[in-house]
Structure formats: C-alpha cells, structure tokens
Amino acid sequence: MPGLRVVVVTHTAELGGAELALLRLVAALEPGEFDVHVVTWSHGDLVDRLETDGIPVTVIAGRGIQKVTRTDAGRVSATRSLPATVGVARQLRRVLRSLDPDLVVANSLKAAVVVGLVAGMARQPWVWHLHDRLAPDYLPAPVARAMGMLAARGPRGIVANSEATAATLPLRAQERTVVAYPGLAPALAQRERVLPAAPVVGLVGRISPTKGQLEFIQAAHQVRRRHPDARFVIVGTAMFADAPYEQEVRQAAGDTVEMVGWTDDPAGTIAGLSVLVHASPTPEPFGQVVAEAVALGVAVVGTEAGGVPEIMVPQRDDRDRSHSSRGPHGVLVAPGDVSALAGAVSALLDDPRRLIIDPDARAEAADRLSIARTAGVVAQAWRRHST
C-alpha cells in the first residue's frame with residue numbers, strides 16, 4: 001500500500017534551524033508510511049542533503065521573495081516582492097497539480113503565505129509547521145497580526161515547535177495546534193563528553209542581534225575578572241542581512257572573546273564547552289543549541305523566555321533573589337540582563353561540580369526532546385489533517 005503523499009514547501013535551501021529540523025524529521029518517519037516530496041525556491045545545501053538521502057526535491061524560482069527578511073517584511077519596500085510571490089504561487093500550483101499530494105506542509109512563514117494562497121484556492125488540505133513566534137517582539141507587528149490571521153483561517157492544523165510558539169497564536173488557531181519540538185538525533189545522548197582542562201564558555205549560533213552576541217561579550221568581560229583562565233568563544237557566522245552586526249561583534253570581541261566562525265559539527269563544538277551560554281535578548285521560539293547541550297550533558301546559562309524554559313525545566317527558589325532560576329541543566333536569567341548572565345556563568349565556574357550534569361537528567365532530556373517523539377506527533381497530525 002503506497003504511503004500518504006506529502007509535499008513539504010520551504011522557502012530556503014540554506015541549512016537554518018527549520019531546514020535542519022526537516023531533515024531530521026524526514027529521516028525519522030516510519031519507512032513507507034509517507035511519500036515526502038520537498039519543494040523549495042532556491043538551490044542550496046538542503047537540496048543536496050535531501051537528494052543524498054533519496055528524497056525528491058523540486059526547485060522553483062523565487063528570488064524576489066527570497067531576499068525579504070523577517071525584519072524587512074513589515075516595511076513598505078517588501079511590497080516590491082508581490083509580483084515574485086504571485087509568480088512562485090503559480091509555479092507551486094503547477095507542481096501540486098502534477099504531484100497530486102494528499103497533504104501540503106508549509107515549513108516557514110514565506111512558505112505559509114504561498115501555500116495559503118494556492119491551497120486555499122484549490123481547497124487543498126495543508127498544515128503549517130510553525131518555527132516562529134507570531135509576536136511583535138519577534139516579528140514586525142503588522143506581520144505578526146497578518147500571520148495570526150492566516151493561522152486562524154488557513155491551515156487545517158498547526159505543528160508548533162514549542163509551547164511558547166503556540167501561545168502566540170490566536171485562540172482559534174491554538175485549538176488546532178499540537179507541539180512537536182524540532183527533535184534531537186539519538187546519537188547525541190550517546191556522545192562522550194570530556195570537560196576541558198581550563199574553562200571554555202561559548203555561544204553557538206547564527207550571529208544576529210536576536211542571539212545576543214554583544215551581551216555575551218559584555219558578560220565575558222565581567223566573568224574574566226573572576227576567572228582569568230577562562231576562554232570565551234563565539235561560534236557561528238551571520239546570515240541574511242546581519243553582516244553589519246557581525247562586524248560590530250568582531251570589534252567588541254577584541255582579545256577577550258575568540259570568533260571561531262562556522263562549524264559543520266555544532267554538537268561536537270558544544271560537547272567541548274564547560275558552559276554553553278544562550279544570551280538571546282529576544283525570546284526565541286525554541287533554542288536548538290540549548291536542547292543539544294542538555295542532551296550532551298553540558299551546563300547551560302540561558303535566558304528565561306520563549307521556548308528555552310521548556311527545555312531546561314527551571315526550578316525557582318523564592319529565597320533566591322538573583323533574578324535567576326536553576327534546574328537540572330543549569331541556570332536561567334532574565335533576557336538582556338548582562339550582570340545576571342555574568343553572575344550565573346561565574347557561579348558555575350566557581351563550583352566545577354555544577355559543570356557535571358546528572359546522567360539521569362541528561363537521559364530524561366534526550367528522551368523528552370528526541371526526534372522519535374517528534375516524528376510520532378507529526379505523523380499523527382499529518383494523517384489526521386490529510387482527510
């Protein structure tokens with residue numbers, strides 16, 4: 001019996017968080033249950049990886065809307081992309097007619113706009129995999145409102161990447177929403193970790209104002225006074241329109257923080273840290289590097305906002321007046337509070353025993369955040385909304 005025909009539409013072929021989550025998901029689905037075909041409107045590493053894995057891919061032209069970033073989307077200049085959006089919609093309609101899927105899945109904000117247009121007119125069932133918080137602190141307010149309206153009226157169902165993401169949806173959309181974390185590969189839980197001889201504190205991720213590299217550098221200067229032997233590293237590069245911010249980060253880093261650049265093995269890099277820092281001043285939808293750190297048994301200092309508290313399971317002590325909360329995997333602090341960030345890192349380095357995560361806590365996190373659980377939730381949603 002043939003599997004359910006599912007077309008996944010994603011606007012970019014760069015290996016960002018949503019695209020890497022898609023790769024893990026497709027690999028974890030039960031063989032034969034789904035026939036997945038991916039449609040994107042750019043060439044890139046995602047296409048190469050999917051083709052290597054034997055997943056069919058169709059690339060359609062869409063440069064005009066590819067260049068519109070999340071920040072730009074609320075500006076008048078973004079209207080210039082409307083002709084390109086219509087062109088992509090026409091191409092996608094032809095592809096869907098040819099493939100005749102049982103279900104269409106939108107894997108990004110831009111994909112949801114186009115899929116909403118095409119599937120709405122064709123009365124084609126579709127599901128939105130939502131990787132972005134639809135909130136004015138994360139998206140331009142007009143975009144957040146428009147996307148909320150689309151979520152309420154368009155897809156048959158929504159798969160959100162965290163409870164925090166789901167909570168930004170209109171109530172009408174929340175009723176049709178399930179939460180499935182992006183998922184971790186099983187090998188992470190088995191990976192050996194050896195603490196470095198001297199402390200290494202790192203921030204891993206795309207260089208962007210939303211990731212907090214400048215806050216990390218400011219905190220590093222404070223921590224260095226108490227722990228002069230500590231090494232501080234920033235791992236990652238800028239994407240999209242964040243190149244000017246990267247230059248600002250490099251100038252601020254000076255001799256205190258080492259700029260490592262891009263890595264093709266983020267898990268291996270995280271495993272070599274004493275402490276992973278998540279410094280995002282803006283609440284993130286999830287926090288994949290935090291999830292990887294807890295599964296690897298690396299202590300985390302993160303911001304208590306967005307999806308990160310769901311990963312770290314904080315346990316607040318009312319007697320603790322440090323504006324932070326502790327859990328089995330590290331410490332959470334208020335977003336943008338550099339002093340609290342520095343204090344939490346210093347406290348972990350003061351007591352090396354706190355850098356060793358309890359094996360049971362590590363195993364529990366790896367299971368709770370596993371790609372197997374994610375695939376089970378997604379498969380159920382796909383089956384339910386395809387008919």
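The values are calculated or read from the model by the stated rules, or taken from the named source; none is laboratory data. Please read these numbers as outputs of a predicted model, since none were measured by experiment. Using ideal geometry, Cβ is built from the backbone for each residue, glycine included, and neighbour counts are taken over all protein chains shown. Heavy atoms of the whole protein, side chains included, go into the accessibility calculation; ligands, DNA and RNA do not. Shrake-Rupley method; radii C 1.70, N 1.55, O 1.52, S 1.80 Å.
Between residue 90 and residue 387, the C-beta separation translates, for a Förster distance of 30 Å, into a calculated FRET efficiency of about 0.65. Normalised Debye scattering of region 107-146 at q = 0.20, 0.29 Å⁻¹ gives log10 I(q)/I(0) of -0.64, -0.98, counting only Cα atoms as equal scatterers and leaving out solvent.
Rounded to the nearest 10 degrees, the angle from helix 359-368 to the longest Cα principal axis of the chain is 20 degrees. Taking only the C-alpha atoms of region 287-387, the Rg (one decimal) and the largest Cα-Cα distance, Dmax (whole number), read 16.0, 57 Å.
Residues in region 233-238 carry Karplus couplings, in order, of 9, 10, 10, x, 9, 7 Hz; the curve used is 6.51 cos²θ - 1.76 cosθ + 1.60 with θ = phi - 60°, and Gly or Pro positions show x. With the cut-off at 1.5 for a/c, could you classify region 190-346 from its C-alpha gyration tensor as rounded, prolate or oblate? Verdict is rounded for region 190-346.
When you have a sec, figure out the Kirkwood radius of the chain from all distinct Cα pair distances and drop it here in Å to one decimal? Across the chain, the inverse of the average 1/r is 21.6 Å.
Given a 1.4 Å probe and the protein chains as shown, residue 339 ends up with an accessible area of around 70 Å². Heavy-atom accessible surface of residue 229, to the nearest 10 Å², is about 90 Å², with a 1.4 Å probe and all protein chains retained.
Of the beta bridges DSSP finds with both residues in the chain, what % are antiparallel, to the nearest 5?
Among the beta bridges of the chain, antiparallel pairing accounts for roughly 10 percent.
Phi angles of region 130-144 translate, via the Karplus equation with coefficients 6.51, -1.76, 1.60 and θ = phi - 60°, into HN-Hα couplings of 9, 10, 10, 6, 8, 10, x, 8, 10, 10, x, 3, x, 5, 4 Hz per residue; Gly and Pro are given as x. Considering every alpha-carbon pair of region 142-223, the percent of pairs per 5 Å bin, from zero through the bin containing the longest distance, is 3, 11, 13, 12, 13, 14, 13, 9, 7, 4, 1, 0. Accessible area of residue 11 (1.4 Å probe, protein heavy atoms only, ligands and nucleic acids ignored): about 30 Å².
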